[in-house]
Amino acid sequence: MPFCTQCGAKAQPTDIFCRACGARQPVRHGGATSHDASSGLSPQAAAILTYLPWLGWVVAIYILASARFHGDRVTRFHAYQGLYLFVAWLIVDWAIGPWFKWMPGPDLPVGFLLDLLLIGVWIFMLVKTSRGERYSLPLVGELAERSL
C-alpha cells in the first residue's frame, strides 16, 4: 500500500490527493511511483541551469523536450536564450576565432576576447535569472521570443 509523499499517511494507489493533508500525489503505475528526473527541479532553478557555461545547452534541450515545462513560457524563453548563447559560443570558438588566427597582419586575440565577452554574458544572465528577472538579450533574446 502506498503512502503520502508529504505526510506519510496511508493512501490508495488511485488517490490523486492525500486524504489527510491534501498534498498532490505522484502518478502511480502498477503500484510503483513514477519518477521524473525534473520532478524536484523548480522552474527558476531550471532557468538558471540553462545559463551554465558549456553545460547549459544540455539542460536547455531537456527543458524544451520535457512535457513538464511545455506551458511555462518564462523557463522555455530562458532555455532558448541559453541555447542560442551556446550556439554563439560555438560560432566564435569554431569559426571566428580560427579565422582571425589565419588572417594576415597582427595576431589579435579576437577569438579569446569574444570568448571572454560570452562568459561575461553567461554570468550576467546567471545573476539576472537567479534574481527572478526575465532579461532579454539583444538579438539572442529576440530569437528566443520568436522561438516560443
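The values are calculated or read from the model by the stated rules, or taken from the named source; none is laboratory data. This is a predicted model, so every value here is computed, not measured. With ideal geometry, Cβ positions are generated from the backbone for all residues, glycine too; neighbour counts draw on all protein chains shown. Areas reflect the complete protein model, heavy atoms only, side chains present, ligands, DNA and RNA absent. Shrake-Rupley method; radii C 1.70, N 1.55, O 1.52, S 1.80 Å.
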Where the accessible area of segment 51-101 is counted over protein heavy atoms with a 1.4 Å probe, how much of it, in %, is carbon and sulfur?
74 percent
Long-range amide H contacts for Phe3: which residues qualify at under 5 Å (H placed 1.01 Å from N, peptide plane, sequence gap of 5 or more or a different chain)?
Ala11
What's the local net charge at Ala47, with K and R +1, D and E -1, over the other residues with C-beta under 14 Å away?
+4
Amide hydrogen neighbours beyond the local backbone of Phe17, cut-off 5 Å, H modeled:
Gln25
Residue-wise HN-Hα coupling along segment 81-90, computed from phi with Karplus coefficients 6.51, -1.76, 1.60 (Hz; x: Gly, Pro):
5, x, 5, 5, 5, 5, 5, 4, 5, 4
